[in-house]
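*Asks:* Below: one structure in structure tokens.
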Amino acid sequence: MDLQHLQACLLAAPESVPSEGDQGAGFEGLTPAAVLVPLVPRSEGYQLLLTRRTDHLRDHPGQISFPGGRVEPEDASPAHTALREAQEEIGLDPRLPRILGYLPTYRTGTGFHVCPVVALLPPPFELSLDAFEVAEAFEVPLSFLLDPANHHRERMHYRGALREYTVMPYGERRIWGATAGMIQSLWRRLQAPGGL
């Protein structure tokens, strides 16, 4: 993958208005949040670093997600939020990721307005997981996640309505919800005219 081409497909600055989102997600009363979308260059190709949340958390228990969380008053920018949260959740040194750009902001069905911050994370790096929040951190080949053959649609009843969502099964793991939605957002940008 050509990194310069990827960067050209990203937004140069974060959006202030949420433009994409889960089916049924509203636009009002959303809590600002940011996530780090870390691309790890490996000899076998780019990997995406993901986490699995612990099962006892109130928000999105047990789900696979990007490192990140809600914006705090002291955060200067979405990139600052994403880097701070990645340091808190997985012990990632905030000096290591190189910000490449942003994906369109994403509305979740649980009331968050998320800014995805795409960054290059060159190895070697060390992680130290917050055992309260993060059950594991792992890498998935970006080529797998960007292959539409691995994007499956499922349905479920949620808050009295039938919702459709994307699932990307990877071994025993199920990548779905907002995380899958943001990965699809990256895929759409790369497929657009002038994309990769």
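*Asks:* Need pairs with beta-carbon distance below 7 Å; first residue over 15 Å from Gly68 (Cα atoms) and open to solvent by 40 Å² or more (accessible area, probe 1.4 Å) and within the range 125-139, second assigned to a strand (DSSP E or B) and not aromatic (Phe, Trp, Tyr); sequence gap 6+ or separate chains.
*Replies:* Glu139/Val40; Glu139/Gln47; Glu139/Leu48; Glu139/Leu49
*Asks:* May I pose another question? Taking the range 138-189, which residues are at pLDDT below 90 and in a helix (DSSP H, G or I)?
*Replies:* Of everything in the range 138-189, just one residue is at pLDDT below 90 and in a helix (DSSP H, G or I), namely Gly177.
*Asks:* When you look at Pro18, is it modelled with pLDDT under 95 and part of a strand (DSSP E or B), yes or no?
*Replies:* Spelling it out, it is not the case that Pro18 is modelled with pLDDT under 95 and part of a strand (DSSP E or B).
*Asks:* Among the aliphatic types (A, V, I, L, M), closer than 26 Å to Arg163 by Cβ and either touching a Ser or Thr at 6+ places or on another chain (Cβ under 6 Å) or open to solvent by less than 20 Å² (accessible area, probe 1.4 Å) (or both): which single residue out of Ile90, Ile64 fits that description?
*Replies:* Criteria check complete, one pass: Ile64.
*Asks:* Same structure, new question: Every residue in the range 140-153 that is within 15 Å of the chain's Cα centre (by Cα) and open to solvent by 70 Å² or more (accessible area, probe 1.4 Å), please.
*Replies:* Correct list: empty.
*Asks:* A further question on this structure: Condition test on Arg188, is it closer than 21 Å to Arg53 by Cα, open to solvent by 60 Å² or more (accessible area, probe 1.4 Å) and either touching a helix residue (DSSP H, G or I) at 6+ places or on another chain (Cβ under 7 Å) or not acidic (Asp, Glu) (or both)?
*Replies:* Answer is no for this residue.
*Asks:* Looking only at the range 99-122, which residues are at pLDDT 95 or above and open to solvent by 50 Å² or more (accessible area, probe 1.4 Å)?
*Replies:* The answer is Ile99, Pro122.
*Asks:* Here's another thing I want to ask about it. Name the residues in the range 70-85 that are farther than 12 Å from Ala119 by Cβ, open to solvent by 20 Å² or more (accessible area, probe 1.4 Å) and not charged (D, E, K, R), would you?
*Replies:* Of everything in the range 70-85, those that are farther than 12 Å from Ala119 by Cβ, open to solvent by 20 Å² or more (accessible area, probe 1.4 Å) and not charged (D, E, K, R) turn out to be Val71, Pro73, Ala76, Ser77, His80.
The values are calculated or read from the model by the stated rules, or taken from the named source; none is laboratory data. Everything numeric in this text was worked out from a predicted model, so none of it was measured. All Cβ positions, glycine included, derive from the backbone under ideal geometry; neighbour counts span all protein chains shown. With ligands, DNA and RNA removed, areas are computed over all heavy atoms of the protein, side chains included. Shrake-Rupley method; radii C 1.70, N 1.55, O 1.52, S 1.80 Å.
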